[in-house]
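Undergrad: Quick one: structure below, then a few questions.
A short reminder: the numbers here are calculations on the coordinates, not readings from a lab. As the structure is a computational prediction, the values presented were derived from the model and not from experiment. All Cβ positions, even for glycine, are placed from backbone atoms using ideal geometry, and neighbour counts span all protein chains on display.
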Amino acid sequence: MKRMLSGIKPTGELTLGNYIGALRNFVKYQDSYELYVFVANLHCVTVYQEPKELRKNLKDAIALYLACGLDPEKCTIFLQSDVLEHAQLGWLMTCMTYMGELGRMTQYKEKTKGAKDESISAGLFVYPSLMAADILLYDADYVPVGEDQKQHVEITRDLAQRFNNRYSETFTLPEPLIPQVGARIMSLTDPTKKMSKSEESNKGCIYLTDDPAVARKKIMGAVTDNYAHVNYDKENQPGVSNLLEILSSLTGEAIDSIVARYEGKGYGDFKKEVGDAVANELTMIQNRYNDILKSGMIETVLKEGAEKAHRIAFRKLKKVQKKMGIDIF
Ligand code: AMP
Ligand code: TRP
């Protein structure tokens, strides 16, 4: 069975973008791959997080993983910091990475645009080296992520290759798996920007814990255009195309087929259908989410997950350190 790994960095509440671009796909894959999913809490603190809030977001993220259908019997769910090998291989990978490579990362450039050097943590800069360690520790064949993380998986491949050439064959080169539809869900208020939890106005972003009625309203208020026909054209109709991607991802209906159904109709009914689909999905997730939070199962899931993950990570790190000459015995 091929191995797959992915992580989410819950620096806020999880969004519909996280769900469609990443989480949902993990659920699909857990039957046909050996799947590892973790909450990237070490990545969260590359930017200051208020401790109480971070703790809540981490716990919520695990509860949402489970509520969305990840089954601890089928996959391994853990907290990154519970498996100490991540930080350690992260350091070794940092030493294998060039400053130039890190400086070219789009996410780094976007996050530091206009910021003074004094305000940017070194962690934010070396973040991709830690992400490479996350992936390489487990010899993941595939890494399911949204579009924005593709570059980080590519640098991981470069680092794996570099290590293999320098020392000897050690790491599997991972491949990113980007969904064909929904890899980049856009903001509802500005469909030229990614839907993101760091957004200032709440209206553009749907959170998985939003009241379904509120989520429906956000969809009804989504920015569209004056063309007045439902059409998939990201360039000229980014808002409508975004709604089409959301609906298609949630219902499984092909975009062409949705477009055909709305031929000659305006946006009102279309938005209503998207709003209903989103509200239904949220209702389903939230029912399970509340049960999970009450059940106290999170602690057990994390403990068992960390043990399983650690067994693999430990062996891999040992091998790496031997090859590098750091471990003497
Ligand atoms: P993050 O919340 O940045 O840790 O992202 C976790 C996962 O969700 C990554 O695989 C991202 O690529 C994916 N993701 C985040 N935002 C979006 C979005 N707006 N559309 C699609 N995928 C997303
Ligand atoms: N950097 C990813 C994000 O922000 C989260 C992440 C950390 C990740 N380590 C990973 C994703 C390893 C996939 C594999 O979304």
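Undergrad: Just list whichever of Lys111/Lys272; Lys2/Lys323; Lys28/Lys150; Lys74/Lys322 have alpha carbons separated by over 28 Å in the model shown. Please list the in-between numbers first.
TA: Details: Lys111/Lys272 35 Å; Lys2/Lys323 25 Å; Lys28/Lys150 20 Å; Lys74/Lys322 32 Å.
Pairs exceeding the cut-off: Lys111/Lys272; Lys74/Lys322.
Undergrad: Assign unit charges at the C-beta atoms only (+1 for Lys and Arg, -1 for Asp and Glu), then state the dipole size of the chain relative to its Cα centre in Debye, rounded to the nearest 20. All intermediate terms of the calculation are to be shown ahead of the outcome.
TA: On the way: 43 positive and 44 negative charges, 147 e Å.
With only Lys, Arg, Asp and Glu charged at Cβ, the dipole is about 700 debye.
Undergrad: What angle, in degrees between 0 and 90 and rounded to the nearest 10, separates the Cα long axis of helix 85-96 from the longest principal axis of the Cα atoms of the chain?
TA: Here the helix axis deviates by roughly 80 degrees.
Undergrad: What FRET efficiency do you get for Arg311 and Ser119 if R0 is 41 Å and r is their Cβ-Cβ distance, rounded to the nearest 0.05?
TA: For R0 = 41 Å, the calculated efficiency reads 0.55.
Undergrad: Taking the beta-carbon count within 10 Å as an exposure proxy, list Tyr267, Tyr232 from fewest neighbours to most.
TA: Tyr232, Tyr267
Undergrad: Something else now. Angle, helix 122-136 long axis vs. longest principal axis of the chain, Cα atoms, 0 to 90°, nearest 10?
TA: 80
Undergrad: Output the relative contact order of the range 52-167, whole-number percent, from Cα pairs under 8 angstrom with separation of 6+ residues.
TA: Once normalised by length, the contact order is 29 percent.
Undergrad: Of Glu307, Glu245, how do they rank once you tally other Cβ atoms within 10 Å and put the fewest first?
TA: In increasing order of surrounding Cβ atoms, one gets Glu307, Glu245.
Undergrad: Then there's this: Treating only the Cβ of Lys, Arg, Asp and Glu as charged (+1, +1, -1, -1), what charge dipole size does the range 159-232 show about its Cα centre? Round to the nearest 20 debye.
TA: 80
Undergrad: Here's another thing I want to ask about it. Where does each of His229, His86 land when they are ranked from fewest to most other beta-carbon atoms within 10 angstrom? Walk me through the numbers on the way to the answer.
TA: On the way: His229 16, His86 25.
The most exposed by this proxy come first: His229, His86.
Undergrad: Using only the alpha-carbon atoms, what does the chain span along each of its principal axes? Please give whole angstrom values in decreasing order.
TA: Extents along the principal axes: 72, 45, 39 Å.
Undergrad: Still on this structure: Could you tell me the center-to-center distance, by alpha carbons, between the range 245-293 and the range 196-234 in angstrom?
TA: That distance is 12 Å.
Undergrad: Quick check: the angle from helix 51-67's long axis to the longest principal axis of the chain, C-alpha only, nearest 10 degrees?
TA: It is inclined by approximately 70 degrees.
Undergrad: So what's the net charge close to Gly182: Lys and Arg +1, Asp and Glu -1, counting the other residues with Cβ under 10 Å from its Cβ?
TA: 0
Undergrad: Toward the positive end of the charge dipole of the chain, about the Cα centre and with charges on Cβ (Lys, Arg +1; Asp, Glu -1), which of Ala132, Leu243, Ala183 goes farthest?
TA: With unit charges placed on the Cβ atoms, the residue in question is Ala132.
Undergrad: Would you mind working out the magnitude of the charge dipole of the range 210-290 relative to its Cα centre, with +1 at each Lys and Arg C-beta and -1 at each Asp and Glu C-beta, to the nearest 20 Debye?
TA: 280
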